[in-house]
Amino acid sequence: MNAVDEVRQVLGGLDPARAAPPCDDSRRGQVLALILSDDRRAGTARRMMPRRRLVLAAVSAVVVAVAGGGVAVELYRQPEPAYAATPVMLTYGPPATTEAASTRLRRLAAVAAQQPVPPRPAGTVEHLESTNWFLNSSISGGRTVSGVVPQQWRSWRTDDDAGRMVKKDLPPIFRSDADRRQWKKWGGRVGSSEEMHDYAAGEFYSGFRGAVPTDAAALRGWLRAGGSAPQAPVQYLEDAAQLAGVRLLSPAQRAAVLTLLADLPGITVTGTVTDRAGRTGEAFSITTDAHGLPAQYTMIVDPRSGVLLGYEEVLTTTAGKLNVTIPTVITYRSYLIAGYTAAPR
Amino acid sequence: MDAAKEQFTELYECHHGDVWRYVARRVGASDVGDVVADVFLVAWRRLDDVPVGSPLPWLYGVARLVLANEARGRRRWQELTLRVAAEPDRTVQVDHADGVVSQRDVAVAFDRLSTGDQEILRLVAWERLAPTEAAAVLGQSRATFAMRLMRARHRLRRQLGVTGVRAGRTSSTAPSMSNWGG
């Protein structure tokens, strides 16, 4: 096989234009008419018109045609994006070691267990901060979403499960200026909004109440307390991801979480990764279709401390009825702050 | 219609789809139409410079410059949103999990190459240009392009050697040095 054939064989499947929507005929004709109306001899001596002016000029040309000929012509509209915007995929490098996931996670659990217990000043409460994004909360009404809107979660929790949770929409991130305009046109917010909930004693995050166990077996039962046993091992990985977003974990509790993950059937080493906050971590995944669509569920762990850094869900094979391309991120959590602080006023 | 308009209209109708796909491979979907319009506006104004027998590499060369101007304007924005940016529409459609793994390995390896190497490989793999045509797009001699293609291919292979063995994956469909042939 020669070099050209070889390159085509290996990279051909990645061609992003294989299924790209073609330009519609009416727009193609409008642009042709506009270009032909340009004085090409004069044009060579001057700068090309700015990009947006060209588009506006195309709209004007159609308006003139309507006024002059009395024919109904649909004005040029920026087409809706074909697929919802989703966060960039993380890039995973080679594993830190050749150890199997269960062995490596047990080693990280030991690292976690050896960390010093952070001092807790009197009168302080647990304080966490994370950035989260979920596809299911970003698509509504069948409308394709053109921006990624991460949520900042900040929480304060007392030992008797009272507390406060503040969820703030961060400014959306767009693929292009055109998407930003489309977003505004639909009435989407470009600034940020905030929701705050205060919880009385015993009400904060009803799923996880009381002390987090420091033994992996006990933790399994505690995570599912009040609920049925999970149908698939990946549920424990998801529970751990949820837990890390709402509870401050001591070194012993982190060790229990990592030991629980080590015991999950099907967990594999995904590799080293720089997470969404720019931190280096080791990633461990379970790939399963337990929830319908085949997906990879990944936990990212700081190898120096055993701290959970983040969590990712990626659709791997099919998008089902979701308006996204494959593979695509459908959830991420990035745990940023976990410590003790004064209770909020 | 005068001769120039006829010539340009034929050029536009024949190659609009090719230029559209070239641009769609390199920018977000919503910007493709604007960039393609710019490319053909340049072609109209420089119609006398368009090679009669083989205009496509010339059009790709113009598109490359238009995109470079576009990229310069957006660089600051891209730097700000590098980590959590929304991806441009990508279509890596495959049917089986093993296939996804191998496609992802190739995608990771490709992303790790320099932009120069990536463009050389794109022109060959996606635009399906012969080396002589691809050399014309980049304004190089055929010999220079052939050398750069060889080096880019070797660097891609080397990256695949790294990504292909990660995570202990043993997918039989993953590209590897042994099943590439060549």
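Considering only the stretch B:1-25, state which residues are farther than 23 Å from residue A:37 by Cβ, more than 7 Å from every other protein chain (Cβ to nearest Cβ) and surrounded by fewer than 22 Cβ atoms within 10 Å (Cβ to Cβ). Steps first, please.
Kept after step one, since they are farther than 23 Å from residue A:37 by Cβ, are these residues of the stretch B:1-25: B:18, B:21-22, B:24-25.
Subset that is more than 7 Å from every other protein chain (Cβ to nearest Cβ): B:18, B:22.
Of everything in the stretch B:1-25, just one residue is farther than 23 Å from residue A:37 by Cβ, more than 7 Å from every other protein chain (Cβ to nearest Cβ) and surrounded by fewer than 22 Cβ atoms within 10 Å (Cβ to Cβ), namely B:18.
Please go through the stretch A:1-49 and give me each residue that is at the interface with chain B (Cβ under 7 Å from one of its Cβ atoms), at pLDDT below 75 and over 41 Å from the mean Cα position of the chain (by Cα), ordered by number.
Of everything in the stretch A:1-49, those that are at the interface with chain B (Cβ under 7 Å from one of its Cβ atoms), at pLDDT below 75 and over 41 Å from the mean Cα position of the chain (by Cα) turn out to be A:40, A:43, A:44.
When the stretch A:288-312 is examined, which residues are found to be among the aliphatic types (A, V, I, L, M), in contact with a helix residue (DSSP H, G or I) (Cβ under 8 Å, 6 or more places away or on another chain) and in a loop (DSSP other than H, G, I, E, B)? Full working, then the answer.
The first filter runs over the stretch A:288-312 and keeps only residues among the aliphatic types (A, V, I, L, M), leaving A:290, A:293, A:295, A:299-301, A:307-309.
Among the residues that remain, those that are also in contact with a helix residue (DSSP H, G or I) (Cβ under 8 Å, 6 or more places away or on another chain) are: A:290, A:299, A:301, A:307-308.
Within the stretch A:288-312, A:290, A:307 qualify.
Just give me the residues in the stretch A:92-133 being among the small types (Gly, Ala, Ser) and either surrounded by fewer than 21 Cβ atoms within 10 Å (Cβ to Cβ) or outside any strand (DSSP E or B) (or both), in sequence order. Quick ask: steps written out before the conclusion?
In the first step, residues of the stretch A:92-133 are kept if they are among the small types (Gly, Ala, Ser); the result is A:93, A:96, A:100-102, A:109-110, A:112-113, A:122-123, A:130.
Across the stretch A:92-133, the qualifying residues are A:93, A:96, A:100, A:101, A:102, A:109, A:110, A:112, A:113, A:122, A:123.
Just one of (1) assigned to a loop (DSSP other than H, G, I, E, B); (2) hydroxyl-bearing (Ser, Thr, Tyr); (3) within 11 Å of chain B (Cβ to nearest Cβ) trips up residue A:285, so point out which.
(1)
Which pairs have Cβ atoms under 8 Å, sit 6 or more apart or on different chains, and link a residue in the stretch A:255-279 that is within 9 Å of chain B (Cβ to nearest Cβ) and buried (at least 24 other Cβ atoms within 10 Å of the Cβ) to one that is of a type in the set (A, V, I, L, M) and part of a loop (DSSP other than H, G, I, E, B)?
A:269/A:100
Determine, yes or no, whether residue B:151 is modelled with pLDDT of 90 or more, surrounded by fewer than 19 Cβ atoms within 10 Å (Cβ to Cβ), closer than 15 Å to residue A:6 by Cα and not polar (S, T, N, Q). Step through it out loud before you land on a result.
On the way: modelled with pLDDT of 90 or more: yes; surrounded by fewer than 19 Cβ atoms within 10 Å (Cβ to Cβ): yes; closer than 15 Å to residue A:6 by Cα: yes; not polar (S, T, N, Q): yes.
Judged against the criteria, residue B:151 is a match.
Could you please find all residues in the stretch A:261-310 being among the acidic types (Asp, Glu), more than 12 Å from residue A:334 (Cβ to Cβ) and touching a Gly at 6+ places or on another chain (Cβ under 6 Å)?
Residues of the stretch A:261-310 that are among the acidic types (Asp, Glu), as a first pass: A:263, A:275, A:282, A:289, A:302.
Going one step further and asking which of them are more than 12 Å from residue A:334 (Cβ to Cβ), we end up with A:263, A:282, A:289, A:302.
Across the stretch A:261-310, the qualifying residue is only A:302.
List every residue pair whose Cβ atoms lie under 9 Å apart, where the two residues are 6 or more positions apart in sequence or sit on different chains, the first residue falls within the stretch A:1-21 and is farther than 10 Å from residue B:126 by Cα, and the second residue, located anywhere, is at pLDDT below 75 and of a type in the set (D, E, K, R).
Going by the 9 Å Cβ cut-off, the qualifying pairs are A:20/B:89.
Within the stretch A:313-333, work out how many residues are part of a strand (DSSP E or B) and either at pLDDT 95 or above or more than 14 Å from every other protein chain (Cβ to nearest Cβ) (or both). Outline the logic, then answer.
Of all residues in the stretch A:313-333, those part of a strand (DSSP E or B) come to A:313-315, A:328-333.
Cutting the leftovers down to either at pLDDT 95 or above or more than 14 Å from every other protein chain (Cβ to nearest Cβ) (or both) gives us A:313.
So the answer is 1.
Which of the residues belonging to the stretch B:38-64 are without any contact (Cβ under 8 Å) to a residue 12 or more places away in the chain and in a helix (DSSP H, G or I)?
Within the stretch B:38-64, B:41, B:45, B:48, B:49 meet the criteria.
Return the pair list, or none, for Cβ contacts closer than 9 Å from residues in the stretch B:2-31 that are touching a residue at least 40 places away in the same chain (Cβ under 8 Å) to residues that are in a helix (DSSP H, G or I) and hydroxyl-bearing (Ser, Thr, Tyr), at least 6 apart or on different chains.
B:18/B:60; B:19/B:60; B:22/B:60
Of the numbered conditions (1) at positive phi; (2) out of contact with any strand residue (DSSP E or B) (no Cβ under 8 Å at 6 or more places or on another chain), residue A:271 fails exactly one; give the number of that condition.
Against the list (1) at positive phi; (2) out of contact with any strand residue (DSSP E or B) (no Cβ under 8 Å at 6 or more places or on another chain), residue A:271 comes up short only on (2).
The values are calculated or read from the model by the stated rules, or taken from the named source; none is laboratory data. A quick note: this is a predicted structure, and the numbers were derived from the prediction, not measured. Positions of Cβ are backbone-derived with ideal geometry, glycine not excepted, and every protein chain shown enters the neighbour counts.
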